[in-house]
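Let me begin by presenting the structure, written as structure tokens, before commenting on it.
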Amino acid sequence: MTLVELVRKNLFRKKLRTTLTIVAIFVAFVIFGVLATFQNAINAGVEVAGADRLITVNKINFTLPMPLAYPTRTAGVAGVKQVAHAEWFGGYYQEPRNFLVAFAVDPKNYLDIYSELILPPAQREAFLREKTSIIVGKASADQYGWKVGDRLPLKSNIYQQKNGSDTWDFTIAGIYTGNDQRVDTTPVIFHYDYLADTRSFGDGTTGWMILKTADAKENPRIMREVDSLFANSAFETETKTEQAFNKAFAEQLGDLGFIVTSVVGAAFVTILLIVGNTMMLTVRERTNEIAVLKTIGFTTRRIFGMVIAESMLLAVIGGLLGIVVAWLISFALAGPLSRFGPVAFSFDTAAFAFVLMALLGLLTGLIPAYRAMNTDIVTAFGRK
Amino acid sequence: MGRTLTQIAAVTAMNLRSLPQRKWTSLATVVAIALVTGVLLAFLAMANGFQATVAGTGSNDVVIALRKGSESEINSTLMREQVLLLQEAPGLAKAADGKPLLSPELYVIVDGIKKSSGLKANLPLRGLGPLANEVRQGIRIVSGRMFQPGTNELVVGRSVSKQFRGFELGAKMRLASQNWVVVGEFDAGGNVFESEIWADVSVLQGLYQRGSTVQTVRARMNDPASLEKIRAFSEADPRLKLDIKAEKEFYSGQSRNIGDLILYLGWPLAIAMSFGALAGALNTMFASVDARAREIATLRAIGFRGTPAFIGTMIESIILAGIGGVVGSLGTYLLFDGISAATLGSNFTQVVFSLKLSWSLVLQGLILSLVIGFAGGVFPAWRAARMPLLAAFKEQ
Amino acid sequence: MSEPLIVLKAVTKRYTRGKQSVPIFERLDMSIPTQDFVAVMGPSGSGKTTLLNLLGGIDKPSGGEIVFDKKRMDNLDESKLAAFRAGNVGFIFQFYNLMPMLTAAQNVELPLLLTKLGPKARSERVKTALEIVGLSDRARHKPSELSGGQQQRVAIARAIVSDPKLLLCDEPTGDLDRETAGEILSMLQTLNRDLGKTIVMVTHDPEAARYAKRTLHLDKGHFSEKDLAA
């Protein structure tokens, strides 16, 4: 037997009580893990944003268009390496509830700039060659069972074809993946020219531009110069780093950070009380035994350490179980939450969970440990 | 029967009297249950407030026409020809001069800066036709005046001026290289319109290069029954491929998605947390029964039956949980009721709403807390009822 | 008579109850030679247990000196006292005070966790201790599976496993029937005689006291005259 074993044996003496307490901790960590994953999904765009990428949108609001001449003019600004433009299609597959993130882009520049989208070279060539082809992200391909070569009819809730139809027919040229699990692979991407040639309105405009710069340090100057290029026109622009743009976009949903923090906070205060309370009960019941240990020669420090170790063990068992289950749940959530962003359980979440476990163990153990440490042998035995 | 009741009363009183000895344990349980109730009610109040705001928008006397399949105003486009055709629709209310009460409208998005976070958020800028005031009713200018048609003047909803920076009366701003001024603020009875900015539709058409197209048409009907006539009229004409809806129905459809999302988030969270609180309640109640093992066994030994011990323990648990539920409801009411929140609505624009607690929500919260109390009491109560008589004589 | 193991010089002990200071001992002197087996008798409240607590370094005197093996111990701090108890004193209680979740062997092993002994050395010592008390075949039993006498024997094994010089027993047979009590007391005698343990035993049972080499009567904080002469 070792001291660690002694702590473990102490912990599992009241099996029912310990199990219930572990369940409470488990629940709190599941809540934490799932909400953090949800938040990650929303923030993923911010994290994978390239430092050398800028987004230029209509200054009034990013949903408003800009002239198609802008990309060419922007490419002339010193320090801009490459410019792509994209248009929001408002696409859905078969029914409005199968909402799709669909972009009409100038394909070559777009794929060059978004180098995190991985596409086999043959598929890439096929896509660039054929104007009515489309590439789909792996997440969407998996969700709808699409394969390369499939015909894919998409509807738009914004545009109509000149012939009155609201359906565009595409051929899937490729399925792309991300070079990082946080890369969103739900969007589908097709040729801007195809949309421009067929839509009934919107002539000569595009949605926004993506700029690749030679040096991120030059970004502030480039942002100023691009915007001043179009100042006082009917379509003034605003250029931001991709990161700032994505962040602002995520914030629109509401103060999710606040909601997530509050809920996780409430859950943790709850278990802090429950676990702390249980530890207090435990220590009180063991007053006599603690007195015996002290009599045998266990120092107060060692007694203190043993109680803290017990509450730590409790927190770690419940926490680990919770994190594992939250990790499993994150797979189940990947589908339903994909419209918010790529759902993945991150390393940071796990790391933070360990910090929480340590804090929980420490905080819930502190008062009981202090009490145990100060158990007076004389009065403990005098109680009988 | 009477004997049993007396016994129950005696045991319950004994349990409750001994509560102070377990005050920290009991308090921890109460607070844990209060927190669970509070989280649930905060979410329910959020969903309720959102739905009240969105579903409270619109009238059954107003018809809205959108391009078929566009789902929301932002995605819709209507040609001038379609607007003119709609004026001929049957069942529309007429102004004194015989013109149908109809407002062609534009719906574009502008940036606003939230006062709370200092971050940009999408605000709807609506262009109104000249008869818009007769079409919509219940709009009240609370300060300043209505915009003059043909000018760069804006009126803003109360939520906009409350939640976003730079929209107070007289504020100037630049939109697409033109100067604008806020000349009025309006009240719409707390609905979605209060999160909007309004201007003259023809000015916005010019500003946004929309030519003569608009996005939606709203019109006042003689009565709600006219809706079917208008729909039949639209379907009979191939040039009018439109979705025709009553304004009320249009908004209640929109409230469903996000309202449901909040609910689907709130209930599972509350239920998950309940399991945590339940574990705490069970621990507390088991400890309570164990601490009184000797008393319970002694009562049994002198002839009390198991039922009073069972019921007494249940009552203690339910009372603790009930206190937790009440504290949680009260806390939610004090902290959250009436506070404003904003999120993206279906038009990709901000909808400002207030968290709204109602008695039926509080009831749901209380039921949850009592369920925790019941479940947390039943097993310990069972143990109490079956306490072996020997426990009365055991050492310690 | 051999070297004294413990000497009490003018030890005073008072407790404060509320505002009152209740004296237990006033300038108590006492000397316990090595390999002695002393029974301490006296009515409740006479200070028997307090005396035991002072001897074992559980409680501190309000005045005077306590010398153990030529070293003063009344002025040691808390952690030094703990180390003192771990190294020099074995305790045996009336209600055994075994850990319910540990087996007999693990209970005996407890004090060894405080030493630097490795697992192998520890299990050797545990084995020997259980052999001495005649419980080798019950090593894997939990206290709840043992009789009162067996539990007390486990407690004795726990007290001697780290080979302390002094054993302090507080009513060791108070919870046992006459026959079992006899077995336990004979065992203490054996430990005293064969292993050279110095034993101080508090008891109210004259039968039990007969197993000791001498008996001290404590009353109102003083030993009665005849004992001092003995």
If R₀ is 25 angstrom, what is the calculated FRET efficiency for the pair residue B:305 and residue A:284, using the beta carbon separation as r and rounding to 0.05? 0.25
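For the range C:4-229, divide the Cα radius of gyration by the Kirkwood radius and give the resulting Rg/Rh value with two decimals. It would help to have the intermediate numbers written out before the result.
Working: Rg = 17.5 Å, Rh = 18.0 Å.
Taking Rg over the Kirkwood Rh, I get 0.97.
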Tell me, what is the percent relative contact order of chain B, built from C-alpha pairs under 8 Å that lie six or more residues apart? 30 percent
Restraint check, A:162/B:248; C:48/C:213; A:240/B:120; A:108/B:120; C:120/C:197; B:23/B:356, Cα-Cα greater than 22 Å: A:162/B:248; A:108/B:120; C:120/C:197; B:23/B:356
Could you go through the range B:54-64 in sequence order and give the Karplus-derived ³J(HN,Hα) for each residue, using 6.51 cos²θ - 1.76 cosθ + 1.60 with θ = phi - 60°, rounded to whole Hz, and x for Gly and Pro? 6, 6, x, 8, x, 10, 6, 8, 10, 9, 10
Length added when fully stretched, residue B:264-residue B:174, from 0.36 nm per residue minus Cα-Cα: 28.3 nm
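So how strong a dipole does the protein assembly as shown carry about its Cα centre when Lys and Arg Cβ are +1 and Asp and Glu Cβ are -1, to the nearest 20 debye?
2820 debye
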Applying the Karplus parametrisation 6.51 cos²θ - 1.76 cosθ + 1.60 with θ = phi - 60° to the phi angles of the range C:167-178, what ³J(HN,Hα) value in whole Hz is obtained for each residue in order, glycine and proline being reported as x? 10, 10, 10, 9, 6, x, 10, x, 10, 10, 6, 3
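Just from its helices, what would the mean residue ellipticity at 222 nm be for the protein assembly as shown, if runs of 4 or more DSSP H residues each count -39500 (n - 2.57) and the sum is divided by every residue, rounded to the nearest 500 deg cm²/dmol?
After summing the helix terms and dividing by residue count, I get -15500 deg cm²/dmol.
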Which value in nm describes the separation of the simple spin-label points at residue A:99 and residue C:141, placed 7 Å from the Cα toward the beta carbon? 7.1 nm
Cut-off 20 Å, label 7 Å out along Cα→Cβ of residue A:363, residues of the range A:11-54 by amide N: A:21-37
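Is the range A:65-234 best put as rounded, prolate or oblate by its Cα gyration tensor, with a ≥ b ≥ c the root eigenvalues, rounded for a/c under 1.5, and otherwise prolate when a/b is larger than b/c, oblate when not? Walk me through the numbers before you get to the answer.
On the way: a/c = 2.13, a/b = 1.36, b/c = 1.57.
Oblate.
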Along each of its three principal axes, how wide is the spread of alpha-carbon positions in the range B:69-240, in whole angstrom units, largest first? 50, 30, 28
Between the helical axis of B:247-291 and the dominant principal axis of chain B, each derived from Cα atoms, what acute angle in degrees is found, rounded to the nearest 10? 10 degrees
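With only Lys, Arg, Asp and Glu charged, each at its Cβ (+1 for the first two, -1 for the last two), find how big the charge dipole of chain A is about the Cα centre; round to the nearest 20 debye. Working shown, then result.
Details: 37 positive and 33 negative charges, 432 e Å.
Its charge dipole is roughly 2080 debye.
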Given labels modelled 7 Å from the Cα in the Cβ direction, how far is it in nm from residue C:163 to residue A:142? 6.5 nm
Residues whose modelled amide H sits under 5 Å from the amide H of residue B:94, counting only those 5 or more places away in sequence or on another chain, are B:101
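Below 8 Å between Cα atoms, with a sequence gap of 6+, how large is the relative contact order for the range A:65-234 in percent? It would help to have the intermediate numbers written out before the result.
On the way: 323 pairs, mean separation 58.5, N = 170.
Once normalised by length, the contact order is 34 percent.
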Determine which lysines satisfy two conditions relative to residue A:147: a Cα distance under 16 Å, and not lying fewer than 8 residues away in the same chain. A:138
Cα centroids of the range C:123-159 and the range B:131-178: how far apart, whole angstrom? 89 Å
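Mind checking the range B:274-341 for chymotrypsin sites (Phe, Trp or Tyr not before Pro) that DSSP puts in a loop (not H, G, I, E or B) and that have at most 14 other Cβ atoms within 10 Å? Intermediate results must be reported in sequence, preceding the final value.
Details: sites: B:275, B:286, B:304, B:310, B:333, B:336; in loops: B:304.
Hits after loop and neighbour filter: nothing returned.
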Between the range A:84-136 and the range B:283-325, what is the C-alpha centre distance in whole Å? 67 Å
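Say R0 is 25 Å: what FRET efficiency, to the nearest 0.05, do residue A:201 and residue B:344 get from their beta-carbon distance?
On the way: r = 25 Å, r/R0 = 1.00.
Once the sixth-power term is evaluated, E becomes 0.50.
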Residue C:22 paired with residue C:210, simple spin-label distance in nm, labels 7 Å along Cα-to-beta-carbon: 3.4 nm
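Can you put B:142, A:283 in order of Cβ neighbours within 10 angstrom, beginning with the fewest? Don't skip to the answer; put the middle values down first.
On the way: B:142 11, A:283 24.
By the 10 Å Cβ count, ascending: B:142, A:283.
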Gyration tensor (Cα only) of the protein assembly as shown to equivalent ellipsoid, semi-axes in Å sorted down, yields 81, 32, 24
Would you mind calculating the relative contact order of chain C from Cα pairs under 8 angstrom and at least 6 residues apart, reporting the percent as a whole number? 29 percent
Any chance you could check the Cα centroid distance between the range A:29-54 and the range C:30-69 for me, in angstrom? 68 Å
Please give me, ordered by residue number, the trypsin sites (Lys or Arg not before Pro) of the range C:129-230 that lie in loop per DSSP and have at most 16 other Cβ atoms within 10 Å. C:140, C:210, C:213, C:220
Could you give the DSSP H helices of chain A that reach 18 angstrom or more along their long axis (alpha carbon positions) and whose average Kyte-Doolittle hydropathy is no lower than -0.5? A:15-48, A:256-285, A:300-334, A:347-373
Restricting to aspartates and glutamates and to Cα separations under 16 Å from residue C:60, and discarding same-chain partners fewer than 8 apart, the set is A:376, C:26, C:29, C:74, C:77, C:78
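Report the antiparallel proportion of the DSSP beta bridges in the protein assembly as shown as a percent, rounded to a multiple of 5. Walk me through the intermediate numbers first.
Working: 93 of 128 bridges.
Antiparallel bridges: around 75 percent, rounded to the nearest 5.
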Expected output is a single nm value to one decimal: the length gained when fully extending between residue A:269 and residue A:180, i.e. 0.36 nm times separation in residues minus the C-alpha distance. What is it? 28.6 nm
P(r) of chain A over all Cα-Cα pairs, binned every 10 Å from zero, in whole percent: 5, 19, 22, 17, 12, 10, 8, 5, 2, 0
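Considering only DSSP states other than H, G, I, E and B, which trypsin sites (Lys or Arg not before Pro) in the range A:30-126 qualify as loop sites with at most 16 other Cβ atoms within 10 Å? Can you show the working numbers first?
Working: sites: A:53, A:59, A:73, A:81, A:97, A:108, A:124; in loops: A:59, A:97.
Passing both the DSSP loop test and the Cβ count: A:97.
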Put +1 on the Cβ of every Lys and Arg and -1 on every Asp and Glu Cβ in the protein assembly as shown; which of A:229, C:93, B:299 then has its Cα farthest towards the positive end of the dipole? C:93
Search the structure for amide H atoms under 5 Å from the amide H of residue A:166, placed 1.01 Å from N in the peptide plane, and list their residues when 5 or more places away or on another chain. A:161
Residue farthest toward the positive end of the dipole of the protein assembly as shown, with Cβ of Lys/Arg at +1 and Asp/Glu at -1: which of A:120, A:16, B:179? A:16
Spelling out what I want: for every residue of the range A:156-172, take phi, set θ = phi - 60°, compute 6.51 cos²θ - 1.76 cosθ + 1.60 (Karplus), and round to whole Hz; glycine and proline get x. 10, 9, 10, 9, 10, 6, 4, 7, x, 6, 10, 10, 10, 9, 10, 10, 6
From fewest to most C-beta neighbours within 10 Å, the residues B:134, B:316 line up as B:134, B:316
Burial ordering of B:109, B:339, fewest other beta-carbon atoms within 10 Å first: B:339, B:109
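Out of all DSSP beta bridges with both ends in the range B:69-240, state the antiparallel percent to the nearest 5.
Working: 26 of 35 bridges.
For the range B:69-240, the DSSP antiparallel bridge percentage is about 75.
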Nearby lysines by direct alpha-carbon distance to residue B:229 (threshold 17 angstrom, same-chain neighbours under 8 apart not counted): B:94, B:241, B:245
Long-range HN-HN contacts of residue C:63 with modeled amide H, under 5 Å: C:12
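Any read-out appearing in this document is the output of simple, stated calculations on the displayed coordinates, not a laboratory observation. These numbers come from a predicted model, not from an experiment. In this analysis, Cβ positions are derived from the backbone assuming ideal geometry, glycine residues included, and neighbour counts consider all displayed protein chains.
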